[in-house]
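Worksheet for the structure shown next.
The values are calculated or read from the model by the stated rules, or taken from the named source; none is laboratory data. Keep in mind that what you see is a predicted model, and the values were worked out from it rather than measured. Positions of Cβ are generated from backbone atoms using ideal geometry, with glycine treated the same way; all protein chains shown enter the neighbour counts. Ligands, DNA and RNA are stripped out before the accessible areas are found, and what is left, the full protein with its side chains, is counted by its heavy atoms. Shrake-Rupley method; radii C 1.70, N 1.55, O 1.52, S 1.80 Å.
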Amino acid sequence: MAACPCGSGRGYDDCCGPLHAGVPAADAQALMRSRYSAYVREDAAYLLRSWHPSTRPDALSFDDPRPTWLRLEVLRHLATGSDSAEVEFVARYRIGGGSVVRMREHSRFLREDGHWYYLDAVEGWGRAEGRGRTQRHAQRQARRLHAPHPGPASTGRRGLSTRGRGNAWAAQ
């Protein structure tokens, strides 16, 4: 059984696979992990289904150059209400032969009718850091790849384009 891209240590069929097939996520962290896996697998349909309608773009497509997603690390999962939560995470990726970029995000999630949805990322919070890069360059890279702040919860990610309204990603 193939390992799940989300880094849970479980197999895909026992982790994010059922969520991609339509099983509701148990909590916001599970949804965020499944969205990261969906970015790795380029599953735009799942990303759109798991995105809250108030911020969801009309369409997603994965364009070149595509990021190679390397690792997800969940830093914090906080229930902010009975049907709302926030997840802070770091996703690492590389584009082509470039340096590894460390994207840190603080995302918000809502539960409606028993289903968790990615809502958006906390404004001004996310950042990307690459070895040997200036902070300004890293911020521009983050905006191109994930603006406004997945993935794995956002629009304009390099390698991911959105058509329509709203934010994109955890990643995203």
Point to revise | Selection within the range 103-113 - at pLDDT 95 or above, farther than 12 Å from Ser50 by Cα and open to solvent by 30 Å² or more (accessible area, probe 1.4 Å) | key: Arg108, Asp113
Exercise for review: Within the range 48-62, identify whether any single residue is in a strand (DSSP E or B), more than 12 Å from the chain's Cα centre (by Cα), over 18 Å from Leu31 (Cα atoms) and at pLDDT 95 or above, and answer yes or no.
Suggested key: no
Exercise for review: Return only the number of the condition from (1) part of a strand (DSSP E or B); (2) of a type outside the set (D, E, K, R); (3) open to solvent by less than 50 Å² (accessible area, probe 1.4 Å) that Leu70 does not satisfy.
Suggested key: (3)
Review point. Is it true that Ala128 is outside any loop (DSSP other than H, G, I, E, B) and at pLDDT 95 or above?
Key: no
Study note, to complete from the structure: The condition from (1) within 14 Å of Tyr118 (Cα to Cα); (2) in contact with a strand residue (DSSP E or B) (Cβ under 7 Å, 6 or more places away or on another chain); (3) of a type in the set (D, E, K, R) that Arg56 misses is numbered (2)
Practice item. Might you let me know whether the range 75-88 holds any residue that is open to solvent by less than 60 Å² (accessible area, probe 1.4 Å), among the charged types (D, E, K, R) and at pLDDT 95 or above? Key: yes
Exercise for review: Kindly indicate which of Ser50, Ser84, Ser99 is in contact with a Lys or Arg (Cβ under 8 Å, 6 or more places away or on another chain) and closer than 22 Å to Ala21 by Cβ.
Suggested key: Ser50
